[in-house]
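K.L.:
Starting off with a structure, shown below.
The values are calculated or read from the model by the stated rules, or taken from the named source; none is laboratory data. Computed from a predicted structure; not experimentally measured. Methodologically, a virtual Cβ is constructed for each residue, glycine included, from the backbone with ideal geometry; neighbour enumeration extends over all protein chains shown.
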Amino acid sequence: MYETLILSIAAAEAAALVTTRRLWRAAAFAVLITAVVVHAALVLGLPALACALPALFGAAWFVWAEADARAAGIVVRWAVAVAVIAVLTPTEAGIMPLFSDESTLFAQEAARPLEASFAAVFLLTVPANRLVAAVLQCARGGGGEPLRAHRGAQPGGVCGTGPADVLETGPADVLEADGGASAPAARRGLSGGRWIGPLERLLIVLMAASGPEAAIAAIIAAKGVIRFPEVSKDDTGEKAEEFLIGSLVSWGLAVAAAVFITSIAQGAWPAPAEPVSGM
């Protein structure tokens, strides 16, 4: 069931990037979540329960995101998702037979971890940038305010004419994370990061999968070298703290994704047992 769950979350996050209009975002999510359910049932071979429950979770995620634009709301939403995924992620083949049925004609069990991995990689890009920016805003004491990268943000996460007019976001509002502040907040925080953060997280996942730990250390060191001139000019130490918090969150997300991908890969494709040599 973890496959449909992470695909549903990815669908909700992708719909938020399609357009700045709430109605079109809702329509995009409806199309994407329907595609996820149909794909999970017909292609991945999951039973009805394993398709419906994650779809409901994805719908709740989308509605929650539309109704609560606060930075604290983003952090809590992600914390809940990580906890649920951690519980559902298999650590060995056949650990959850109730949600791993292969009764459909077109069932492709091998595609399950692959597609879940693609969804996890997508979540490490712009959605993860939003989370890092939300954590930084909470650290500055602005957890109860809308994420500052949202255009036209007003207290309570509302803009427009009524309480249902939740903050509008779109591709133009990509957050600058990776230990950096969003554009409106860049005056008192670190600048840049909208590309560095996703690339860093993706490289860490790739290196973790292939094994060269020294390469991961090199990536982390390079980031410190790039940020050092800007951080060293701040006598208050706020930028250093911001850099550390943003970096730890970004690295934590990358490590969590690497553990998730490794766990589902081992569960779907366990290593073959070594033959026992005879006497």
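K.L.:
Could you please find all residues in region 245-257 being of a type in the set (A, V, I, L, M), closer than 19 Å to V126 by Cβ and out of contact with any Leu (no Cβ under 8 Å at 6 or more places or on another chain)? Before the answer, list the steps.
P.N.:
The initial filter retains those residues of region 245-257 that are of a type in the set (A, V, I, L, M), namely 245, 248-249, 253-257.
Of the ones still in play, those that are also closer than 19 Å to V126 by Cβ are 249, 253-254, 256-257.
Passing the criteria: only A256.
K.L.:
Looking at this structure, is A26 within 20 Å of the chain's Cα centre (by Cα) and either more than 15 Å from L7 (Cβ to Cβ) or not assigned by the TED database to the domain that holds A139 (or both)?
P.N.:
It is true that A26 is within 20 Å of the chain's Cα centre (by Cα) and either more than 15 Å from L7 (Cβ to Cβ) or not assigned by the TED database to the domain that holds A139 (or both).
K.L.:
Also, quick follow-up: With the requirement that a residue be surrounded by fewer than 17 Cβ atoms within 10 Å (Cβ to Cβ) and at pLDDT 85 or above, what does region 257-271 give you?
P.N.:
V259
Okay, residues lined up against (1) farther than 21 Å from I264 by Cβ; (2) modelled with pLDDT of 90 or more; (3) surrounded by 14 or more Cβ atoms within 10 Å (Cβ to Cβ):
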site	(1), (2), (3)
A40	no, no, yes
A50	no, no, yes
W64	yes, yes, yes
A69	yes, no, yes
A86	no, no, no
T91	no, no, no
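K.L.:
State yes or no: is A69 in contact with a helix residue (DSSP H, G or I) (Cβ under 7 Å, 6 or more places away or on another chain) and more than 13 Å from L7 (Cα to Cα)?
P.N.:
yes
K.L.:
Tell me which residues, restricted to region 208-239, are among the aliphatic types (A, V, I, L, M) and buried (at least 16 other Cβ atoms within 10 Å of the Cβ).
P.N.:
A208, I216, I219, V231
K.L.:
I'd like to check something: does region 23-36 contain any residue that is farther than 21 Å from I261 by Cα, surrounded by fewer than 22 Cβ atoms within 10 Å (Cβ to Cβ) and charged (D, E, K, R)?
P.N.:
The answer is no, given that none of the residues of region 23-36 is farther than 21 Å from I261 by Cα, surrounded by fewer than 22 Cβ atoms within 10 Å (Cβ to Cβ) and charged (D, E, K, R).
K.L.:
Over 20 Å from R130 (Cα atoms) and in contact (Cβ under 8 Å) with a residue 12 or more places away in the chain: does that describe A40?
P.N.:
Taking the combined requirement at face value, the residue satisfies it.
K.L.:
Let me confirm something: among L131, L114, which residue is modelled with pLDDT of 50 or more and within 23 Å of A52 (Cβ to Cβ)?
P.N.:
Working: L131 fails: within 23 Å of A52 (Cβ to Cβ).
Exactly one residue qualifies, and that residue is L114.
K.L.:
If you don't mind, there's one more thing I want to ask. Going by what's in this entry, would R21 be described as basic (K, R) and within 19 Å of V135 (Cα to Cα)?
P.N.:
Numbers: basic (K, R): yes; within 19 Å of V135 (Cα to Cα): no.
No.
K.L.:
Just need a number here: residues in region 197-215 that are in contact with a helix residue (DSSP H, G or I) (Cβ under 7 Å, 6 or more places away or on another chain) and at pLDDT 75 or above.
P.N.:
10
K.L.:
Could you list, ordered by first residue, the pairs with Cβ atoms under 6 Å in which the first is in region 211-237 and assigned by the TED database to the domain that holds R201 and the second is among the aliphatic types (A, V, I, L, M) and surrounded by 10 or more Cβ atoms within 10 Å (Cβ to Cβ), at least 6 apart or interchain?
P.N.:
Within 6 Å, the pairs are A215/M207; I216/I204; I216/M207; I219/L203; V231/A240.
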